[in-house]
């Protein structure tokens, strides 16, 4: 198979930039497969799980993995696809953190991608007949989230048709799949996350005997609010309820996840029933970043749809979904705005290792101590408290000042595996054309 060259007009600018980026690399057409990885946040367990899932699938993860794949150096791997052995190399990777300190930054990802494209724009490819051609040395882009994946597509020097994979199933990414610009994403199963979070909140407020089981299956429904339809798993050690992720790599699947929030609830969580208590229970519900696309464009509308069904409100009149939105960088932008509420705290923390700051603030507000613990529910959601090494912080869950601390989110490891498998499936299905570009 002979590699098609990128048209000169598409490479003119980036080729000039690449001259200043150092020597080019040499690869063999039909043998070498190169990918670049946009990392969201080095010390974030979800980011680490996605990085690990991709490297595991492509055999580029070290033989001695740690609890955080983001801190590991990838290795050169091999894949046998269609009777052909490929040498797989992660030629570029970097955390996308801006100068203000915010990770998962789309603008940074756009600039990073442009630099990587420029650096590899004039790599040497050796054809089967021994001749050499110059062209882009990155075959695939994989991103820890959709925001950075879409940012990559918008980078200077982007070559139409370059496969890119995201994670989150944001609306713009789903539309990009329909338009053929994005090859796939992974849905965190947002309707199930929100339904699970609010079901657990409702159970704890109401003093349900088995709060992590009641309302989570057809066998154990909540008599008032029905039950969560999609698969969730409870981990007693971590006090966590995790929803399974769903790979989305076709236009039909993308259209399904683009339904309006109320339709998503009906489609994916149709067994949730609307309650009718005399007085709504007031909760504190925050978002870690006012600029996070997934939380604000996907999760917030679902909260708006489901909060009334569970007889919950985030304000005196139930105005907005989030009581507070942080700046995505400094945890005090949330903790300084924590206020005593009637019934529960639902926390989307900024720094996974800073959960103790939130608990200390709430303990002061509630007058909670080990001798006089508070039974008000504290539920971390979507961003799980972790230790510095990326493992789940069980000390947080077992804080003796509180009797009801939980986490609700999605299965990060299962999601990472789903993204890695999706990339591998794409390689397998498109092995004959991966080195061609329009």
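Here, each number is a calculation from the coordinates, and none is a lab measurement. Values in this document were obtained by computation on a predicted structure and should not be read as measured data. Counting neighbours? That spans all protein chains shown, and the Cβs are built from the backbone with ideal geometry, glycine included.
In terms of its alpha-carbon gyration tensor, the range 8-166 comes out oblate; a/c meets the 1.5 threshold, while b/c is at least as large as a/b. Taking 0.36 nm per residue of separation and subtracting the Cα-Cα distance, full extension of the segment from residue 400 to residue 59 would add 118.5 nm. Label zone (residue 387, point 7 Å along Cα-to-C-beta; backbone nitrogen cut-off 18 Å) within the range 349-372: 352-357.
Indicate, rounded to the nearest 5 percent, the antiparallel portion of the DSSP beta bridges found entirely in the range 249-408. Once the DSSP bridges in the range 249-408 are tallied, antiparallel ones form about 10 percent. Put in line by how crowded their Cβ is, counting other Cβ atoms within 10 Å and starting with the fewest, 322, 426, 345, 288 read 426, 322, 288, 345.
Panel order for 238, 120, by other beta carbons found within 10 Å of each beta carbon, from fewest to most: 238, 120. Computed from the C-beta positions of residue 234 and residue 160, the FRET efficiency with R₀ = 45 Å rounds to 0.50.
Each label point was placed 7 Å from the Cα along the Cα-to-Cβ direction; for residue 111 and residue 372 their separation is 5.2 nm. Within the listed set 363, 151, 119, the Gaussian network model of the chain (springs between alpha-carbon atoms below 10 Å) gives the highest mean-square fluctuation for 363. When the helices of the chain are scored as -39500 (n - 2.57) per DSSP H run of n ≥ 4 and the total is divided over every residue, the value at 222 nm lands at -9000 deg cm²/dmol. Can you tell me the 0 to 90 degree angle between the C-alpha axis of helix 355-366 and the longest principal axis of the chain, rounded to 10? Between the helix axis and the principal axis of the chain, the angle is about 20 degrees.
Please figure out what share of the DSSP beta bridges in the chain is antiparallel and state it in percent, rounded to the nearest 5. Percentage antiparallel, nearest 5: 35.
For the range 248-370, what does the alpha-carbon gyration tensor say about shape, rounded, prolate or oblate, given a ≥ b ≥ c as the root eigenvalues, a/c under 1.5 as rounded, and a/b over b/c as prolate? It is oblate, given that a/c is not under 1.5 and a/b is not larger than b/c.
When only Cα pairs below 8 angstrom with a gap of at least 6 residues are kept, the chain shows a relative contact order of 18 percent. At the listed q of 0.11 Å⁻¹, the Debye profile of the chain, built from one uniform point per Cα, gives log10 I(q)/I(0) equal to -0.84.
Would you mind telling me which residue in 61, 255, 50 has the biggest mean-square fluctuation in a Gaussian network model of the chain, where springs connect alpha carbons within a distance under 10 angstrom? Result for the chain, Cα springs under 10 Å: 255 fluctuates most. Below 8 Å between Cα atoms, with a sequence gap of 6+, how large is the relative contact order for the range 8-166 in percent? Contact order relative to length: 30 percent.
Taking a virtual spin label 7 Å from the Cα of residue 133 along the C-beta vector, which residues in the range 412-427 bring their backbone nitrogen under 20 Å of it? Those under the cut-off are none; the list is empty. Residue order for 93, 44, fewest other beta carbons within 10 angstrom first, comes to 93, 44. Taking the Cα centroid of the range 402-438 and of the range 109-158, what is the distance between the two, rounded to the nearest whole Å? Distance between centres, Cα-based: 20 Å. Against the chain, whose longest principal axis comes from its Cα atoms, helix 8-19 is set at around 80 degrees. Annotation for residue 66 and residue 210: the two label points, set 7 Å from Cα along the Cα-Cβ direction, are 4.1 nm apart. Among 247, 48, 94, determine the one that fluctuates most according to a GNM of the chain built with springs between C-alpha atoms less than 10 Å apart. Judging by the Gaussian network model, the answer is 94.
Angle of helix 190-206 to the longest C-alpha principal axis of the chain, folded into 0 to 90 degrees and rounded to 10: 20°.
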